[in-house]
Structure formats: structure tokens, C-alpha cells
Amino acid sequence: MNTAKIKTLMGLSSAGLILAAPMSVWAHADGQSISQDALVSAAQTVSCELENGDITTCTKYVVKYVPDNLVIGPFCPKTTKQKGGIWHWDGDETGLYRIDESFLTMLSEQGYTFFNEDGQVLITDVRTSQPASQNTCLQASFDKSVEMTILLPKVPVKSETVTELGTVAKVGLALDGVPIFADAPSVLDTGHMPALDTCGGHIDPGGWYHWHATSTDINSIFKSDNLDAECAIEQNASAMFAYAFDGFPIYGSKEIDGKKPSDLDECNGHIGTTPDSPKPSYHYHASTTFPNLPTCLTGVVAKNNFTTNAAQGIGAHGGAGPGQGAPGHKGGTPPGFEEAAKKLGITANQLFKVVEKNGGRKLDISAAAKELGISEAALKAALPKPPR
């Protein structure tokens, strides 16, 4: 038997990457749902409390800093002559780009220079140090001691209102055991670029790897965008990619018959049959644009559904919320928020949460000021200007 066939039987691609196993009976998150290569210990069924106060059962997963055999990178190129990962630029000439000389030159022309006069890219390991210049490419290193504990409801419960997924909000857990988070922090907010690899993931400042995209259906986006990039993970636009934190499954951008799904709700979900369930049930679909993840959740999530023993970053001790611990955010908030918070007599965490809740860079000053109990003028005067 040849090596390629052996790897296929073992659940690995020829590139050494984890492939999702067939899921003929997986109706909900259970002990068989997540790759064994990612688990620190066997999955458990535990009692848990949902955010609406209901007591129910959840499947508890304890996963590693990165699954065994998962090949990651590249992220930041060492020089402008090399090709790194990808980045979704939201400034002038918005779009998904490969991090290369052409893209970095374009950013420099817009006032964001990530390389020196010798063409060396300015790179910072945000797990061990802080950026020393106004614009740096962020690439954290692993902390192999890190473990993450995740709770997913065994029986999903619909919420009365949807939960919007802002910057680096918790989305779900991929079948390969990699956590999934919403859009990475914008360069326009921080001045720094937390580069993603060509499968849409990177390492958190806490030292563990996570996705910012549906990696098993990302090559179709590269193709439609004419982007010179490829994710080596097996692609299948109809297959299940993950479980959202509310317990509902997330599939690729196509139905079981290969057609684009119809009647999707605001969170990109609907009720229908799937490759794993002939009985119609609610599930999400990946979108056809980057980042190709649901933008909101329709179900209720469990309390304390993501924790980690990491010293910093998302889920670290101290209760990092959406947006906290993101690469380039010192202490969980963007540059200048500590000073702004002091002027306003509140914590940086309070200020950041209100800003994120009320539009981020497109901030509704009136709504944010009202929520903080301060004047619009005071808020405008205190907030840091976006770095350029």
C-alpha cells in the first residue's frame, strides 16, 4: 500500500493535515464529534447553565494548543520579496490579499508601512513582546502548555434575539478541534496586522492556534477573488466544518446537492437536510465572501463556554470578552484605550466593550456616550485617533 493511501486511511491528507472523518450519525456535539488528535482528554457530558438561565447538559471538550499533525502558516513574510499568508484589508481598495510585496507597497502608500528600507518586514511575536513601531506584522509563537476548555450545548436552544459576532467574538469549535473566532482586529484600529495563514488561521497571543474562516471551504473564495493562495486542508463546500457555540452545526457554502442554499436567515442559517441528517434541522452555512463565517448566532450559548490556562489572550484568567486579547491589543484593548479610559474615569475594558457594541470604527458616539453616562464631547475628546 502506498504512503498516500495509508495517510488517507489514517485521516491525514498527503500534506499531513487533519481531515474531517465521515459523520453519518453526528446530530449534535458529542464525544465522537471532535478529532481525537485535538483532545487532551476524552470528551465529557456535563451539567451546564445557558446564558438565558436554563440548566441543561453540554459536551465538554479540553483541546490542545494545536491539533497533532495540523500544518499551519505561512503568516508574516520575512521580506517583501516573499509571500506570506493572507489579509482582508478594509481600508482604501478593500479586499482579500496575499501578504506580498504588491500588497505591502499598497498599504505603505496609504500610510501603513510594515517594512524597512531594506525590504525586511517588521514582525512582532505578540506572545512575548509588544510592537516597537507604529506598524508591525504580528505573528505569535506557541505555548505548548496551553489547554482550552469548551462547552457546547448537546441540545441547541433557539434564542429570542440573535447574538451579533463582532471582532474576535466566539463563533465555535471546528471538527478538527481548532476554536473559531470572528473577524480579526482591523489594521485601521490597531496599526498592526495579525497575519492569517492561507487557511484563515493564526496563533493567539496566548499561544494557541485558532480559525478566522471556514478553512474547509476557503479555496473557493481564493478562486472567485483570483487570489494566488491555497489552503492544503481538504476542501468540501457541502461538508460540516464545525459546531457553533450555540450547538448548531456549521456547513460549507453549498447544500448536499452542490447548490447554493436558499432562504438563509440573517445569521446565514436555515432549516434543511444535510449530509449527516436526512431529517430537516437548523444549521449554518459558510458565506461566499471572506471571512466566510456566520455573522451572528441564533441559539443560546453556555456560560463560561471558553476558558484557557493561557497567561493572556482570549479566554485567559480574568474574563476576556469579545475583542479582548486580540493580537496587537495590549492588555486586551487597542492602543490608547488605557489613557482614554483614565480620562473618563472608567476601565479600558468598559470603554472597549461599549465602543465595540456601538459600531467600533463606525462608532455611534451618541449611543456610546449615553451608555457610558458621559457627554458626547467628552467621549470624542478622549478616544484615540485611528493609527496611520
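Quick note: the coordinates plus some simple rules give every number you see, no bench work behind them. A quick note: this is a predicted structure, and the numbers were derived from the prediction, not measured. When we count neighbours, we look across all protein chains shown, and the Cβ atoms used for this are built from the backbone with ideal geometry, even at glycine.
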Val46 versus Thr347: modelled label distance in nm, points set 7 Å from Cα along the beta carbon direction: 2.3 nm
Could you order the peptides 265-272, 87-94 from most to least packed, using the average number of other C-beta atoms within 10 Å per residue? 265-272, 87-94
Only four residue types carry charge here, +1 at the Cβ of Lys and Arg and -1 at the Cβ of Asp and Glu. Report the dipole size of segment 165-278 about the Cα centre in Debye, rounded to the nearest 20. 40 debye
Phi-derived 3J(HN,Hα) across segment 182-189 with the Karplus relation (6.51, -1.76, 1.60, θ = phi - 60°), rounded Hz, x for Gly and Pro, is 6, 2, 6, x, 6, 4, 5, 8
When the chain is fully extended, how far beyond the present Cα-Cα distance does Glu266 get from Gln82, taking 0.36 nm per residue of separation? 62.3 nm
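Rounded to the nearest 5, what % of the DSSP beta bridges within segment 17-318 are antiparallel ones?
85 percent
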Just need the relative contact order of segment 17-318 here, percent rounded to a whole number, with Cα pairs under 8 Å and 6+ apart. 21 percent
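Normalised by the residues of segment 59-167, what does the relative contact order come to in percent, with Cα pairs under 8 Å and at least six apart?
On the way: 143 pairs, mean separation 33.0, N = 109.
That works out to 30 percent.
Taking R0 as 35 Å, what's the FRET efficiency between Ile374 and Lys303 from their Cβ-Cβ distance, rounded to 0.05? It would help to have the intermediate numbers written out before the result.
Details: r = 30 Å, r/R0 = 0.86.
Efficiency at R0 = 35 Å is approximately 0.70.
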What ranking do 135-142, 75-82 get when scored by the average of other Cβ atoms within 10 Å per residue, highest first? 135-142, 75-82
What are the residues whose amide H is under 5 Å from the amide H of Thr45, where those residues sit 5 or more places off or on another chain and H is modelled from the backbone? Lys60
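Can you check what the net charge comes to around Phe142, using other residues whose Cβ is under 14 Å from the Cβ of Phe142 (Lys, Arg +1; Asp, Glu -1)?
Details: positive: Lys64, Arg127, Lys144; negative: Asp68, Asp125, Asp143, Glu147, Asp197, Asp204.
Net charge in that neighbourhood comes out at -3.
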